[in-house]
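Working notes for the structure below.
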Amino acid sequence: MATGRAFLISAVSLSLAACSGRQSSLDPQGPYAQQIANLFWAFLAVCALIWLAVCVVLSIAVIRRRAARPQPLELAPARERMMGQLVLSLGGGTGVIVIAFALISYVAQRNLWAEPNSGMTLRVVGHQWWWEVLYDDPQPARNFITANEIHIPVNTLVRVRLETRDVIHSFWVPSLAGKMDQISGHINEQLLLAARPGIYRGQCAEFCGQEHAKMAFSVVASSPEEFDAWRDGQIRAAAPPEGPERRRGRHVFESHSCLVCHTIRGTIAGGKFGPDLTHLASRRSIAAGTAPLTAGHLGGWIADPQHLKPGTQMPPGDLGGADLSALVAYLMGLQ
């Protein structure tokens, strides 16, 4: 008895725990996510009522006993007529419910995909298996690129232009908006609006290869003042390294294959295949949310990326211990 009660409590707790958090469509943190959540709860309520009604009727049919009739095959016209009318009424009711669901969905989608003037526009490009984020500005000198972390100001409508460089990906921030596919050769758009500051987790929602499950990103919503300060910092080129170890790390970066794939503005590195690392140390994670950004995780990622993220296209770093430590020190200083 006690074991059964404990199992029931655990099951209920786990199911409720999945309904909130920084990656839950049932914990909306903006008006677009709220509309989707309202639609979900409306559908769930109606479907739950229908399910309960079916269970009640089924229970009555199972429990209720009828006396055996002397002629089991004999038809009762009045009863058959009543049953036909009941089936017809239920069929009509089903049609009305389906049409109502379609109209509610249509109205909700019109609101979600309306074309209001947005406060800012950015581009997000899906790669196997990471996200490139491009902040465009009418002044070219204020353009910059980052990766796997999107910063937006709260209470500001953000239009996200979605692209892909390889296979189909799907951009999804459950707490802020619905899903939108990224299709090769086509640009889709998604609207984001965060009602309150916070860090919201996003995920690729379309199977895109071996490391699809480890293709996450973060949306950091902050006050307009904090966002402007962050943006001003991201626009600047990387500061020259201080200290002999970090200067050696920069030399290691520029003299090995790192610069073929990565860019660090302010250096000779201008690779476009991998993420821009100009302000790597200002991010919260590495490898598209696979591990928190620490010196240990970064060193392990450089030395053996396949161990942390099997199938990733980053090759292992062929570096000695001293060079690896210097490189990590240099990268961890790129604020």
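Summary of computed values
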read-out: Meets criteria (open to solvent by 30 Å² or more (accessible area, probe 1.4 Å), over 22 Å from G126 (Cα atoms) and among the polar types (S, T, N, Q)) for S255; value: yes
read-out: Selection count where residues are touching a Ser or Thr at 6+ places or on another chain (Cβ under 8 Å), open to solvent by 30 Å² or more (accessible area, probe 1.4 Å) and not in a loop (DSSP other than H, G, I, E, B), scope region 133-158; value: 1
read-out: Any chance R250 is more than 26 Å from M120 (Cβ to Cβ), touching a strand residue (DSSP E or B) at 6+ places or on another chain (Cβ under 8 Å) and basic (K, R); value: yes
read-out: G233 surrounded by fewer than 18 Cβ atoms within 10 Å (Cβ to Cβ), closer than 22 Å to P310 by Cβ and in contact (Cβ under 8 Å) with a residue 60 or more places away in the chain; value: no
read-out: Hey, T278 under 23 Å from I150 (Cβ atoms), modelled with pLDDT of 90 or more, in contact with a helix residue (DSSP H, G or I) (Cβ under 8 Å, 6 or more places away or on another chain) and open to solvent by less than 40 Å² (accessible area, probe 1.4 Å) or not; value: yes
read-out: Count - residues of region 55-111 that are surrounded by 10 or more Cβ atoms within 10 Å (Cβ to Cβ), at pLDDT below 75 and either on the phi > 0 side of the Ramachandran plot or charged (D, E, K, R) (or both); value: 1
read-out: Count - residues of region 305-335 that are open to solvent by less than 50 Å² (accessible area, probe 1.4 Å), in contact with a helix residue (DSSP H, G or I) (Cβ under 9 Å, 6 or more places away or on another chain) and over 19 Å from A287 (Cβ atoms); value: 4
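The values are calculated or read from the model by the stated rules, or taken from the named source; none is laboratory data. Every value quoted in this text rests on a predicted model; they were computed, and no experiment measured them. Cβ: placed from backbone, ideal geometry, glycine included. Neighbour counts: every protein chain shown. What goes into the accessible areas is simple: the full protein's heavy atoms, side chains included, and nothing from ligands, DNA or RNA. Shrake-Rupley method; radii C 1.70, N 1.55, O 1.52, S 1.80 Å.
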